[in-house]
Amino acid sequence: MEQALPLLNTQVRHTRLTLLRVLAEARTRIMEVIRRLARHPSLAFSGNVRESGLAQVGSEYLRLGRALDEWIIDLVKGTTKAIYNDTIKKLDRPPKLTEFSQRHLEDYMRIVSEPNGPSLAGVFSENMRRRDIASLRRTLIDVQRLGAASGMTRKQIQREMRRRLLGTGEAGPTSWRFIDSAGREWHPDNYLNMLNRTTQATIARETMIDTMIAEGFDLASIQNGGNPCPFCSSWQGVIVSVSGKDPRLPTVADAKRAGVWHSNCVCTLEIVDTLIHAEKIANQLKVRLPRGTDVSREQWRAWGLKIAA
Ligand SMILES: [Zn+2]
């Protein structure tokens with residue numbers, strides 16, 4: 001089971017690269033549209049030219065939104081398959097289900113996207129669209145005002161508009177500041193980085209739980225991934241019943257109540273063999289499980305700390 005974390009990390013790295021490529025392509029196209037607008041001979045002379053240029057920028061963001069949706073679908077497909085195969089391999093016996101069910105795929109998509117609502121990635125690109133269009137429009141209006149106030153000729157206004165639009169540079173409009181101009185590095189706590197990690201971890205966990213249940217396995221322990229996070233480390237090594245049917249053990253929902261699997265978390269589960277880990281299980285059962293619907297996050301954490309210690 002030592003393999004689970006590297007596999008999840010490999011998936012995270014892989015989809016991160018795909019995402020960076022999607023973003024780099026979108027930014028290049030957006031910059032092309034802005035440059036074309038900047039060089040338009042009627043830029044300063046026609047409001048229609050300016051508005052249709054901005055509309056074209058807008059449609060590139062809508063295209064980015066669709067590309068991000070496809071990226072999420074590919075991520076879910078790739079990770080469910082990889083984690084399913086990996087879990088089966090670790091069970092170390094012929095699987096009951098001969099192959100990964102397509103029906104599951106739709107369920108997993110539902111877990112990561114709002115039914116009937118805009119996708120999380122789509123909300124992100126829509127915010128970028130609104131912010132960048134507004135700032136480009138402001139730039140053009142500022143030049144017009146400056147021109148009117150200082151008595152610039154149309155030609156001078158045209159030159160100044162062009163200069164400012166081209167000044168947007170390779171890094172793109174303001175909303176692209178989270179990513180470097182080469183498109184290879186980004187700010188680690190930017191939203192899409194978080195979305196990538198959190199979605200991967202969620203899909204990996206759900207796939208593993210479903211596969212375990214389908215194959216008749218129930219016990220798994222929580223394993224810290226990446227940097228130790230204060231919430232998950234209090235539950236490091238705690239054994240849960242993934243089906244929720246073993247009353248002696250906490251459920252996956254209890255772990256979440258304790259704060260495990262917060263956003264950006266790549267902590268995972270490790271299959272627990274009831275024979276090999278009999279002593280570990282017995283030790284955990286000695287610490288009484290909090291009961292009732294009003295158990296607080298702090299109580300769950302404190303309980304986990306007793307086990308993890
Ligand atoms: Zn964590």
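Worth pointing out:
- Selection from the stretch 288-309 of residues that are over 18 Å from residue 223 (Cβ atoms) and loosely packed, with under 10 Cβ neighbours inside 10 Å: 288, 291, 292, 293, 294
- Residue in the stretch 131-140 that is within 24 Å of residue 18 (Cα to Cα), small (Gly, Ala, Ser), modelled with pLDDT of 90 or more and more than 16 Å from the ligand (Cβ to nearest atom) present: no
- Test set (1) free of Cβ contacts under 8 Å to residues at least 40 places away in the same chain; (2) under 30 Å from residue 164 (Cα atoms); (3) part of a helix (DSSP H, G or I) - residue 85 fails condition number: (2)
- Residue match in the stretch 266-273 (condition: of a type in the set (A, V, I, L, M, F, W, C) and more than 14 Å from the ligand (Cβ to nearest atom)): yes
- Test: residue in the stretch 142-162 that is in contact (Cβ under 8 Å) with a residue 40 or more places away in the chain, within 36 Å of the chain's Cα centre (by Cα) and surrounded by 14 or more Cβ atoms within 10 Å (Cβ to Cβ): no
For every residue, the table says whether it meets (1) at pLDDT below 95; (2) surrounded by fewer than 12 Cβ atoms within 10 Å (Cβ to Cβ); (3) closer than 30 Å to residue 162 by Cβ.
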residue	(1), (2), (3)
52	no, no, yes
60	no, no, yes
72	yes, no, no
91	yes, no, no
98	yes, yes, no
101	yes, no, no
107	yes, no, no
113	yes, no, no
116	yes, yes, no
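- The stretch 225-265, subset among the hydrophobic types (A, V, I, L, M, F, W, C) and assigned to a helix (DSSP H, G or I), residue farthest from the ligand (Cβ to nearest atom): 253
- Candidates 222, 203, filtered to the one that is within 15 Å of the ligand (Cβ to nearest atom), closer than 19 Å to residue 6 by Cα and not polar (S, T, N, Q): 222
The values are calculated or read from the model by the stated rules, or taken from the named source; none is laboratory data. Since the structure is predicted, the reported quantities are computational estimates derived from the model, not experimental observations. Heads up, the Cβs are rebuilt from the backbone with ideal geometry, glycines too, and the neighbour counts pull from every protein chain shown.
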